[in-house]
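What follows is a short report on a single structure.
The values are calculated or read from the model by the stated rules, or taken from the named source; none is laboratory data. What you see is a predicted model, and the numbers here were worked out from it, not measured in a lab. Cβ sites come from the backbone with ideal geometry, for glycine too, and all protein chains shown count toward neighbours.
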Amino acid sequence: MSNRLPVDRVVQADGTTDWAPSPGGLVTAVEPIVRELGCLWVGWAGSADEEVEPFEIGSMRLAPIPLSSEELETYYEGFSNGTLWPLYHDVISPPVYHRTWWDSYQRVNRRFADRVALEAAPNAVVWVHDYQLQLVPEMLRELRPDLTIAFFLHIPFPPRSLFAQLPWRRQIVRGLLGADVIGFQRVQDAVSFRQASERYAGVPARGNTIVLPESPDHPSRSVLAQEFPISIDAGGFEELASRAEVQQRAREIREELGQDRTILLGVDRLDYTKGIRHRLKAFEELLEDGEINAHDTVLVQVASPSREQVEAYQQLREEVEVTAGHINGAHGSIGHAPLVYLHQSYSREEMAALYLAADVMVVTPLRDGMNLVAKEYVACRADEGGALILSEFTGAADELRAALLINPHDIEALKAAMLRAIHLPREEQQRRMRSLRKAVYDNDVAHWATQYLEAVSAAADAHVKQAEG
Ligand code: F6P
């Protein structure tokens with residue numbers, strides 16, 4: 001279960017409805033696993049005030065959970081994306097704490113838990129995903145103690161000093177401790193959670209394990225809280241990028257942008273955590289300094305629409321669009337815009353073609369749980385070409401050590417990395433890309449799921465033993 005299903009219900013201009021792939025890394029990573037396992041996926045279908053009947057896509061069975069427009073405002077835009085998202089991402093934007101949002105978060109988590117309690121077979125494994133559903137594990141355990149419950153947090157878990165701000169920190173920790181296994185992206189996230197467990201639930205960890213003491217209603221049980229860095233279907237992306245039509249499209253993109261120009265590429269949801277402003281600032285300064293010009297270099301920035309009703313996202317869009325206009329106004333010429341800014345979503349095929357066409361991939365988040373775009377770029381580059389600039393504040397930086405690692409706050413360092421990447425000799429590109437590809441293939445999403453599900457199945461065995469007394 002996750003807040004969103006892997007497809008969103010969209011209403012076309014002519015009033016007909018259709019399904020479109022949902023945005024974000026969660027779906028990119030989890031969909032191939034669910035397809036393979038053929039399980040039931042419970043989540044919201046992407047439009048408010050609508051009851052959608054369960055349906056199937058291939059081997060996946062999808063069970064939509066309805067949300068009212070009021071819940072969209074209070075649970076999704078409010079508590080999930082106005083409170084938790086900024087708090088968990090280093091308070092880049094100030095989190096807002098509203099008691100009405102919290103009430104709604106509890107209500108919607110309860111609805112998800114109730115639905116799964118009805119659907120799950122005896123002793124089933126339920127895998128709950130992400131920050132929108134942190135109360136579900138505890139609620140579900142109360143309803144269905146026979147289930148094995150796994151949770152995976154796709155975003156960072158905040159350090160002690162920040163988590164302490166949350167008025168409902170105890171309830172969140174207790175909610176998560178309802179799971180048998182809690183997976184995190186980075187070591188630091190797991191450490192921060194174990195500290196929070198000690199402080200706010202009074203249960204310290206031994207190594208990666210938190211042992212909950214026996215109570216009058218519950219036997220003692222243990223919870224594994226550990227890092228399991230997520231990944232992508234690397235082979236799937238490479239196969240996509242090898243298709244003749246995708247390669248042809250990559251050639252067309254290069255021709256349209258100018259064969260001799262160096263193409264820099266940024267691909268993000270339009271989110272303030274992604275460091276898009278920092279990236280544009282560095283790019284603009286390089287133009288101002290005369291280090292690059294519109295004839296020799298172009299930056300393609302795909303910023304897919306996201307959370308458009310949340311104020312911080314509206315402000316970001318305005319700032320990015322003013323800056324984009326300024327860059328092209330000041331540094332472009334007829335037929336040569338230095339920046340191609342695209343506030344649109346694209347198909348996987350188009351993304352793969354863009355990755356193939358790009359000489360330099362620029363990934364500059366100020367904080368990111370993992371960042372799968374960096375891994376997608378690497379998986380598509382079977383030609384061992386291209387260069388990856390990667391923020392050290394992404395989970396991916398722990399694995400992709402052969403990238404040009406940068407601190408995005410350090411604009412001078414970012415500019416230097418951009419110049420270095422633009423001029424990176426072919427041999428160095430190859431050497432780095434080979435090492436990056438090894439890292440992505442060594443931990444692809446199948447490997448991630450195997451590791452995680454092995455831990456879950458160990459928990460399930462322990463569960464059975466406990467039930468047998
Ligand atoms: O991984 C972060 C995440 O919030 C996912 O939970 C989500 O599916 C994705 O990004 C996109 O966000 P949203 O569902 O709010 O559009």
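Observations
- For the stretch 6-40, taking the residues that are among the hydroxyl-bearing types (Ser, Thr, Tyr) and more than 21 Å from the chain's Cα centre (by Cα), the one that is farthest from residue 274 (Cα to Cα) is identified as 16.
- The set of residues from the stretch 368-425 being at positive phi and either of a type in the set (Gly, Ala, Ser) or touching a strand residue (DSSP E or B) at 6+ places or on another chain (Cβ under 7 Å) (or both) comprises 371, 386.
- Filter pass, residue 298 being at pLDDT 95 or above and touching a helix residue (DSSP H, G or I) at 6+ places or on another chain (Cβ under 6 Å): yes
- Any helices (runs of 4 or more DSSP H) falling wholly within the stretch 347-438 and containing at least 2 residues that are under 21 Å from residue 296 (Cβ atoms) and not acidic (Asp, Glu): 348-357, 411-422
- All told, residue 180 meets the bar of being among the acidic types (Asp, Glu), touching a residue at least 60 places away in the same chain (Cβ under 8 Å) and crowded, with 17+ Cβ neighbours inside 10 Å.
- Residues that are away from the ligand (no atom under 16 Å from the Cβ) and surrounded by fewer than 21 Cβ atoms within 10 Å (Cβ to Cβ), drawn from the stretch 264-277: 277
- Each residue in the stretch 153-190 was checked for being within 22 Å of the chain's Cα centre (by Cα) and acidic (Asp, Glu), and 1 pass.
Every residue, every condition in (1) crowded, with 18+ Cβ neighbours inside 10 Å; (2) within 29 Å of residue 126 (Cα to Cα); (3) touching a helix residue (DSSP H, G or I) at 6+ places or on another chain (Cβ under 9 Å); (4) modelled with pLDDT of 95 or more, yes or no:
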position: 361; (1), (2), (3), (4): yes, no, yes, yes
position: 388; (1), (2), (3), (4): yes, no, yes, yes
position: 396; (1), (2), (3), (4): yes, yes, yes, yes
position: 405; (1), (2), (3), (4): no, no, yes, yes
position: 409; (1), (2), (3), (4): no, no, yes, yes
position: 427; (1), (2), (3), (4): no, no, no, yes
position: 441; (1), (2), (3), (4): no, yes, yes, yes
position: 457; (1), (2), (3), (4): no, yes, no, no
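- Answer residue from the stretch 69-110, given it is exposed (fewer than 15 other Cβ atoms within 10 Å of the Cβ) and of a type in the set (S, T, N, Q) and is nearest to the ligand (Cβ to nearest atom) among those: 69
- Residue check, residue 414 farther than 14 Å from residue 234 by Cβ, without any contact (Cβ under 8 Å) to a residue 40 or more places away in the chain and in contact with a helix residue (DSSP H, G or I) (Cβ under 6 Å, 6 or more places away or on another chain): no
- Residue 232 passes every criterion in (1) within 27 Å of residue 451 (Cβ to Cβ); (2) aliphatic (A, V, I, L, M); (3) touching a strand residue (DSSP E or B) at 6+ places or on another chain (Cβ under 9 Å) apart from (3).
- Pick from the stretch 137-156, criterion in a loop (DSSP other than H, G, I, E, B) and farther than 21 Å from residue 445 by Cβ, ranking: nearest to the ligand (Cβ to nearest atom): 147
- Checking residue 465 against (1) without any contact (Cβ under 8 Å) to a residue 60 or more places away in the chain; (2) touching a Pro at 6+ places or on another chain (Cβ under 8 Å), the condition it does not meet: (2)
- Considering only residues in the stretch 328-338 that are touching a helix residue (DSSP H, G or I) at 6+ places or on another chain (Cβ under 7 Å) and surrounded by fewer than 23 Cβ atoms within 10 Å (Cβ to Cβ), the one that is nearest to residue 433 (Cα to Cα) turns out to be 337.
- Of all positions in the stretch 138-151, at least one carries a residue that is under 19 Å from residue 453 (Cα atoms) and under 17 Å from the mean Cα position of the chain (by Cα).
- The single condition among (1) part of a helix (DSSP H, G or I); (2) closer than 30 Å to residue 378 by Cα; (3) not hydrophobic (A, V, I, L, M, F, W, C) that residue 306 does not satisfy is (1).
- Residue 151 meets each of the listed conditions (1) touching a residue at least 40 places away in the same chain (Cβ under 8 Å); (2) within 30 Å of residue 37 (Cα to Cα); (3) buried (at least 23 other Cβ atoms within 10 Å of the Cβ) apart from (1).
- Whenever a residue of the stretch 124-136 is within 12 Å of the ligand (Cβ to nearest atom), its partners that are in a strand (DSSP E or B), lying with C-beta atoms within less than 6 angstrom and at least six residues away or across chains, give the pairs 128/151; 129/152.
- Of the candidates 303, 382, 352, 324, the single residue that is over 23 Å from residue 406 (Cβ atoms) and surrounded by 17 or more Cβ atoms within 10 Å (Cβ to Cβ) is 352.
- Exactly one residue out of 297, 273 is farther than 22 Å from residue 155 by Cα and either of a type in the set (A, V, I, L, M, F, W, C) or touching a residue at least 12 places away in the same chain (Cβ under 8 Å) (or both), and it is 297.
- A single entry from 202, 183 fulfils the requirement of being on the phi > 0 side of the Ramachandran plot and either touching an Asp or Glu at 6+ places or on another chain (Cβ under 9 Å) or at pLDDT 95 or above (or both): 202.
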